[in-house]
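See below for the structure under consideration.
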Amino acid sequence: MTYPIKRERILKTFRTLVEFNTPSGQERDVADWLSAAMNQLGFEVTEDGAGRNIRSNLAEVDKAVHDDRPAGNLICRKKGTAEGPTLLFSSHMDTVVPNPNVKVIETDGVLHTDKNTILGADDKAGITAMLEAAHVLAESKMEHPDLEFIFTVSEETGLDGARQLDASELKAKAAFNMDSGGPPDEIIYAAPAETDFHIKIKGKAAHSGVNPEDGINAIVVAAHAISKLQVGRIDEETTVNIGIISGGCKTNMVPDSVEIIGEARSLSQDKLAEQLANIQSAFHRAADKFQAEVDIKELPMYEGYVMKASDEVVQLAQSACRKIGLSPKLAPRGGGSDANVYNQKGIPCVNVGVGAKDDHTVQEQVKIDHLLQAASLILGIIECSLQPQQEQQHEPEQEQHLAEAL
Amino acid sequence: MIEVNRQRLIQEFMELVQIDSESKQERSMADRIRQTLEPLGVVFEEDDAGTKLGGSTGNLIGRLPGTIDKPAILFTCHMDTVAPGKGVKPIRLEDRITSDGTTVLGSDDKAGVTALIEMVRVIKEQQLDHGPLVLLFTICEEIGLMGSRSLDPSVVEGIAYGFAFDSNGPIGDIVTQAPAQNRIEVVVHGKKAHAGVNPEAGISAIQVAAHAISKMKLGRVDNETTANIGIIGGGVPPATNIVIDRVEVVAEARSSNLNKLEEQTVHMRECFEQTAADFHTKADIQVFQMYSSISFPDDAEIVSIAKRAVTTIGRTPRTFRTGGGSDANVLNGLGLPTLNLAVGYENIHTVEEFIRLDDLYLGVKLIVAVTQCI
C-alpha cells in the first residue's frame, strides 16, 4: 500500500523546520509556524501553559536563556470522518544545542549538516512525518478517526513539556510517539524508568601541606564511594551512570565539598530501586569511613513502560508497518522519551523510529527514505485503526523475542 | 644596641596596609617602596615579572652598597596580599593592629615590607656598618609564588645568604625545613556513550579516576611528606545521560625530602596510569616542579647567623618545619641558601588577621640584627 505522500514537500517541510533555532525553552517561533500550518490543514490548535509553568520553576539564571513568552505544547485536534478509537501522534519541537544556522546537506539520500551544528532530525523528522500525514489527510478522501496531534516543548531537558500535558483533555486510547533514533520499522515497546541522583559530600578544609591531617578530602570520599559502585550496564534492562563530578578549587586546600550527578535506569522498578539503594549505601559507607557528611537527593525523572505484543497499540504499529511493506521489529530502548510520559498518564504509547541517527551530535543524519516511511507509517496506523482487528496471525516467534528481551 | 622609632614604625605600617595591593595589582606598593627607599641610597630595578604575569608591576630588586667588606645578603618579602584586601581600614588597639573585620589586614606580608624599610632607616640613622644588602620585594606570592618563580636566576649571583621575612610563628622562629612541591595535572580519558542505550560501549572516565584516587596514599603521608587531590571536574551539566570521556584532576605532592617527593609523585602517577590501563584507556599526566625545598641542618652556617640575630634581640631561637611554600623555597631552588623568618602575624588570610605592636617592633630589630650578625 502506498499513500500519496510527496517527497519534495517532505524535504521542504524538513528544511524549514530545522532552520528554526529551537533550544529547549525557545520553541516560540517554530510553535507559531506549526500552529498556523496545522490550522490550515484543518486541525483545531490549542497551546497549553507548559512553557510558562516550566519557566516559573527555573532558577533566575536559566530564565535568562528562556523565551519570556515561552511556547507551550501544541494540541492539534481533527474530528474523525469515521468511527474508530481516537489516535494520538506526538513529536517534540525542541532540539539540543548547537543548533543555530543549520545547513542541511544531502549526500546519497542522506541529510546531514556541515558538522558545525546538529541536524535536529531529533525530533523534526517526527514533526515532518506528522505534517506530511496531515497534508495527505487534508488533500485526500482518506478516512480517519478523531486525531490528536501533539507537539511538545522541552523534551530534551527531561520530558518537561509532556509532563505538563493535561491527560483529562486527551481522548486517545492509543498513542504513537514519533521520536526514536531507529528506522520506522522499529517499534519501541519498552523503555526504562529513570531516577537521577544529586549527591553532595561535605568534608573539611585544611591546608594541604601544613595540616592535611586536620582535613577531610571530599574528593577522596567520592572516589572511594564510586570505586565501590557498579556503573554502566548492570544487566540487560538496567544501567547506572555518574554523569558529572565537580569539586575543589585549588591544589593547596584539602577540598571540603564535591558534587556528583548521575542516573539509574531500569525496565524493572525493583531493579531500579536496588541500584539506588546500592548507591545510597556506597556513599554513606564512604562518608562514614572518612567522617564526612553526605546528602543524596533522588529525583525520579519518568516511569518506564513495557508493552505486550498483544497490546492494541503494538498491534496497530506492527500492522501499519506491514501495510507499507516493512517488517516490524519490536525493540526495547535504553532512553526515555515522551512515550514514557503518555504511558504514565494512562495512554498506551509506543515510540516509533523516525531515523535520526547519531542524534545529539554534529554527525546527526537522517535518511530521506526514513522520512518518507515515517509519514506513510502514520497514515498506515490511521488506516489500520479503522479496520476490524483482523485475526493477527499468532506469532510465537515474536512473543519469544519479547520474552527474551525482557 | 639597636634603637627603633616605634611611633614611626607603626605609622609606616598603618600607611602601607592602606595601599591596595592584591596579587597582580602591586603597582602602588612598589611606587611607595621606591619613593621611601631611593632617597636613602637604595638603587632599584624592576624586573619583567609583571609583564609575564599580567600584573601592574614586576618584582622590585633594591641594592644598598655595603659600608664594609662582608658577604652580600638578601632579604625578601612580598608586596601582594590575598583578597579581600582592598580598602583596608587598620584599627590600632592597645597592643595590636587589626582590620575592621571586612578585609584582611595585610600584615602578611606588609609587616615584612615595613621591617625592611625601617631596617634601612635604622642602619642609616645609627650609621651601622653592613655588607652589601639586596632587598627583594616580590609580586604574586599569594597566587603560587608566581613572582619569585619569574625571577631571573642571575638575581642571586654573588649573594651569600637569603632571609625571607614571611612565616607564621612568633619572632625568633626560623623555618629550616619546608617541602618542595610538585603539581600533578591529570586528564583521565574514557570513551563517550549514551548512558541508557549503550553504556557498555563507553568507558567512564569518572569511574577510572575514582578507582585511581581510591588506591592512593594521600593527606599526611609521613612527617615530611603530604599529598592532596585538590580539584576534580568532569561531565557537562545537566547531562547525566552521557558516559563521560574526560575527567580532569589537579593534585600535588610535597616533601622536604626530594627522594620521597619523587617516590610519592611516581606513586600517584602509577595509580592513574595503571588504573587507566586496567580499564583499557589512558591517563595523561603532567608533573610541574613548583618550587624546591628548604632543608638546613640546625648547625648550618645560615642557621647559626639567624639564631645569633634572634638571641641578640633577646628572644629564644627555635627552628621548625613547615608544610607550606614561600618565596624562600624558590630562592633555594635558584641556589641561594635562604631561611624563612617568622613575622608574628596571626590569623592570616582571614578578616581576623592581626599583628601585635611588640612583634612589629621586634621584627625590625631582628632584621637589623641579621645585618650585624654576618
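The values are calculated or read from the model by the stated rules, or taken from the named source; none is laboratory data. Since we're looking at a predicted model, the values are computed, not measured. Ideal geometry is used to build each Cβ from the backbone, glycine not excepted, and the neighbour counts take in all protein chains shown.
Of all residues being modelled with pLDDT under 95 and not hydrophobic (A, V, I, L, M, F, W, C) in region B:209-244, which is nearest to the chain's Cα centre (by Cα)? Just the residue, please. My answer is B:GLU224. Comparison of A:VAL231, A:VAL254, A:VAL258, A:VAL240 shows that the only residue that is buried (at least 19 other Cβ atoms within 10 Å of the Cβ), of a type in the set (A, V, I, L, M, F, W, C) and within 21 Å of B:ASP222 (Cα to Cα) is A:VAL254.
Among the residues of region B:203-233, the one identified as farther than 17 Å from A:HIS224 by Cα, facing chain A (nearest Cβ under 8 Å) and without any contact (Cβ under 8 Å) to a residue 60 or more places away in the chain is B:ARG220. For region B:185-202, a tally of residues being in contact with a helix residue (DSSP H, G or I) (Cβ under 8 Å, 6 or more places away or on another chain) and more than 9 Å from every other protein chain (Cβ to nearest Cβ) returns 5.
In region B:243-257, which residues are buried (at least 20 other Cβ atoms within 10 Å of the Cβ) and within 30 Å of B:ALA193 (Cβ to Cβ)? Lay out the reasoning, then the answer.
Of the residues in region B:243-257, the ones buried (at least 20 other Cβ atoms within 10 Å of the Cβ) are B:243-244, B:247, B:249, B:251-256.
Hits for region B:243-257 are B:VAL243, B:ILE244, B:VAL247, B:VAL249, B:ALA251.
Considered as a group, the residues in region A:341-361 that are away from every other protein chain (no Cβ under 14 Å) and either at pLDDT below 90 or on the phi > 0 side of the Ramachandran plot (or both) include one that is surrounded by the most Cβ atoms within 10 Å (Cβ to Cβ), and that residue is A:GLY355. Scan region A:187-209 for residues that are closer than 30 Å to A:ASN340 by Cβ and either assigned to a loop (DSSP other than H, G, I, E, B) or among the aliphatic types (A, V, I, L, M) (or both) and the total you get is 7.
If I go through region B:128-144 residue by residue, how many of them are under 14 Å from B:THR338 (Cβ atoms) and either surrounded by fewer than 22 Cβ atoms within 10 Å (Cβ to Cβ) or without any contact (Cβ under 8 Å) to a residue 60 or more places away in the chain (or both)? Selection size over region B:128-144: 1.
Looking only at residues that are part of a loop (DSSP other than H, G, I, E, B) and of a type in the set (S, T, N, Q) in region B:5-25, which one is surrounded by the most Cβ atoms within 10 Å (Cβ to Cβ)?
Checked region B:5-25; the qualifying residue surrounded by the most Cβ atoms within 10 Å (Cβ to Cβ) is B:SER21.
Whether any residue in region B:71-92 is free of Cβ contacts under 8 Å to residues at least 12 places away in the same chain, surrounded by fewer than 21 Cβ atoms within 10 Å (Cβ to Cβ) and over 21 Å from B:VAL156 (Cα atoms) is what I want to check. Yes, region B:71-92 contains at least one residue that is free of Cβ contacts under 8 Å to residues at least 12 places away in the same chain, surrounded by fewer than 21 Cβ atoms within 10 Å (Cβ to Cβ) and over 21 Å from B:VAL156 (Cα atoms). Kindly indicate whether any position in region A:210-229 is at the interface with chain B (Cβ under 7 Å from one of its Cβ atoms) and in a strand (DSSP E or B). Looking for residues that are at the interface with chain B (Cβ under 7 Å from one of its Cβ atoms) and in a strand (DSSP E or B), one finds none in region A:210-229, hence no. Only one of the numbered conditions (1) within 7 Å of another protein chain (Cβ to nearest Cβ); (2) modelled with pLDDT of 95 or more is violated by A:LYS250, and that is (2). Counting only residues that are hydrophobic (A, V, I, L, M, F, W, C) and assigned to a loop (DSSP other than H, G, I, E, B), region A:155-183 holds 4 of them. Output the residues belonging to region A:233-246 that are at the interface with chain B (Cβ under 7 Å from one of its Cβ atoms) and either farther than 12 Å from A:GLU263 by Cβ or in a loop (DSSP other than H, G, I, E, B) (or both). Answer for region A:233-246, where residues must be at the interface with chain B (Cβ under 7 Å from one of its Cβ atoms) and either farther than 12 Å from A:GLU263 by Cβ or in a loop (DSSP other than H, G, I, E, B) (or both): A:ARG233, A:ILE245, A:SER246.
A:ASP270 meets the conditions (1) away from chain B (no Cβ under 12 Å); (2) more than 30 Å from the chain's Cα centre (by Cα); (3) surrounded by fewer than 21 Cβ atoms within 10 Å (Cβ to Cβ) in every case but one. The failed one is (2). Between A:THR81, A:THR113, A:THR46, which is within 26 Å of A:PHE176 (Cα to Cα) and either hydrophobic (A, V, I, L, M, F, W, C) or touching a residue at least 40 places away in the same chain (Cβ under 8 Å) (or both)? Unique residue meeting the criteria: A:THR81. Residues that are more than 7 Å from chain A (Cβ to nearest Cβ) and acidic (Asp, Glu) within region B:234-255 comprise B:ASP245, B:GLU248, listed in sequence order.
Restricting A:ASP295, A:ASP338 to those that are out of contact with any Asp or Glu (no Cβ under 8 Å at 6 or more places or on another chain), more than 14 Å from every other protein chain (Cβ to nearest Cβ) and of a type in the set (D, E, K, R) reduces the list to A:ASP295.
For region B:27-56, a residue qualifies if it is touching a helix residue (DSSP H, G or I) at 6+ places or on another chain (Cβ under 8 Å) and not in a helix (DSSP H, G or I), and the qualifying residues are B:GLY41, B:VAL42, B:PHE44, B:GLU46, B:ASP47, B:GLY55, B:SER56.
Name the pairs: first residue in region B:24-35 and more than 19 Å from B:LEU64 (Cβ to Cβ), second residue part of a helix (DSSP H, G or I) and modelled with pLDDT of 95 or more, Cβ to Cβ under 7 Å, at least 6 apart or on different chains? From region B:24-35, the pairs are B:LYS24/B:LEU53. Condition first: closer than 25 Å to A:LEU372 by Cβ and surrounded by fewer than 15 Cβ atoms within 10 Å (Cβ to Cβ). Can you find one or more residues in region A:45-55 that meet it? Within region A:45-55 (the criterion being closer than 25 Å to A:LEU372 by Cβ and surrounded by fewer than 15 Cβ atoms within 10 Å (Cβ to Cβ)), the answer is no, since none of the residues qualifies.
B:ASN182 meets the conditions (1) at the interface with chain A (Cβ under 9 Å from one of its Cβ atoms); (2) assigned to a strand (DSSP E or B); (3) surrounded by fewer than 24 Cβ atoms within 10 Å (Cβ to Cβ) in every case but one. The failed one is (1).
When we screen B:THR57, B:THR76, B:THR102, B:THR98 for residues that are among the hydroxyl-bearing types (Ser, Thr, Tyr) and out of contact with any strand residue (DSSP E or B) (no Cβ under 9 Å at 6 or more places or on another chain), the only hit is B:THR102.
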